[in-house]
Amino acid sequence: MLESISDAQKSAAKKKNPKRFVDTGLYRIVRCPNYLGEVTIWTGALLSAIGAGLNWRQWLIVGIGYAGIVFVMFSGARRLELRQNAAYGNDPEYQAYVKKTPILIPFLPIYSVAKYEWLKA
């Protein structure tokens with residue numbers, strides 16, 4: 001739901017003003033709500049495995065897979081942030097939005113991942 005709703009909100013906002021960044025709807029909570037939706041889906045899958053009676057090897061595979069998808073989502077957020085910084089970086093409204101809105105996880109004060117070179121995918 002998060003992915004679909006955020007994509008629809010972004011599309012509607014871009015129709016109204018294609019040259020402005022989106023900071024309405026779910027984008028008020030995090031700057032990448034569609035990526036948050038993906039992380040939420042995979043976190044649910046991870047949690048559902050708790051009662052499955054997995055052995056340590058299976059947990060190792062599950063853990064690697066989960067870490068991989070979280071890496072991919074943060075890497076995507078980094079690429080998006082770099083593109084948005086290039087497009088809107090001189091806009092004072094965008095700068096204020098970036099300083100108060102977490103990049104991916106609500107209430108987790110990570111406002112930028114652009115500097116993390118290791119997130120290149």
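The values are calculated or read from the model by the stated rules, or taken from the named source; none is laboratory data. No experiment lies behind these values; they were computed from the predicted model shown. No Cβ is skipped: glycine too gets one built from the backbone with ideal geometry, and neighbour counts run over all protein chains shown. All accessible areas refer to the heavy atoms of the entire protein, side chains included, with ligands and DNA or RNA removed. Shrake-Rupley method; radii C 1.70, N 1.55, O 1.52, S 1.80 Å.
Quick test for you: out of VAL113, VAL72, pick the one residue that is open to solvent by less than 40 Å² (accessible area, probe 1.4 Å) and either within 16 Å of the chain's Cα centre (by Cα) or of a type outside the set (Val, Ile, Thr) (or both). Can you show your working first?
Details: VAL72 fails: open to solvent by less than 40 Å² (accessible area, probe 1.4 Å).
Only one candidate qualifies: VAL113.
Scanning region 94-121 for residues that are out of contact with any Asp or Glu (no Cβ under 8 Å at 6 or more places or on another chain) and free of Cβ contacts under 8 Å to residues at least 60 places away in the same chain yields a total of 16. In summary, ASN90 fulfils each of the numbered conditions (1) surrounded by fewer than 18 Cβ atoms within 10 Å (Cβ to Cβ); (2) farther than 19 Å from ASP7 by Cα; (3) touching a helix residue (DSSP H, G or I) at 6+ places or on another chain (Cβ under 7 Å) with the single exception of condition (3).
Report whether or not ALA114 is closer than 25 Å to LYS19 by Cα and assigned to a helix (DSSP H, G or I).
no
From (1) open to solvent by less than 40 Å² (accessible area, probe 1.4 Å); (2) at pLDDT 95 or above, pick out the condition that doesn't hold for LEU119. It fails just one condition, (2).
Mind counting the residues in region 24-45 that are touching a residue at least 40 places away in the same chain (Cβ under 8 Å), open to solvent by 40 Å² or more (accessible area, probe 1.4 Å) and in a loop (DSSP other than H, G, I, E, B)?
Initial filter on region 24-45 (touching a residue at least 40 places away in the same chain (Cβ under 8 Å)): 27-32, 35-36, 39.
Still in the running and open to solvent by 40 Å² or more (accessible area, probe 1.4 Å): 28-29, 35.
Okay, now just the ones that are also in a loop (DSSP other than H, G, I, E, B), so 29.
Qualifying residue count, region 24-45: 1.
For region 67-89, check the following and say yes or no: at least one residue is closer than 24 Å to PHE21 by Cα and part of a loop (DSSP other than H, G, I, E, B). Yes, the conditions are met somewhere in region 67-89.
Starting from residues that are modelled with pLDDT under 95 and over 16 Å from LEU80 (Cα atoms), keep the ones in region 1-16 and report whichever is surrounded by the fewest Cβ atoms within 10 Å (Cβ to Cβ). The extreme case among them is MET1.
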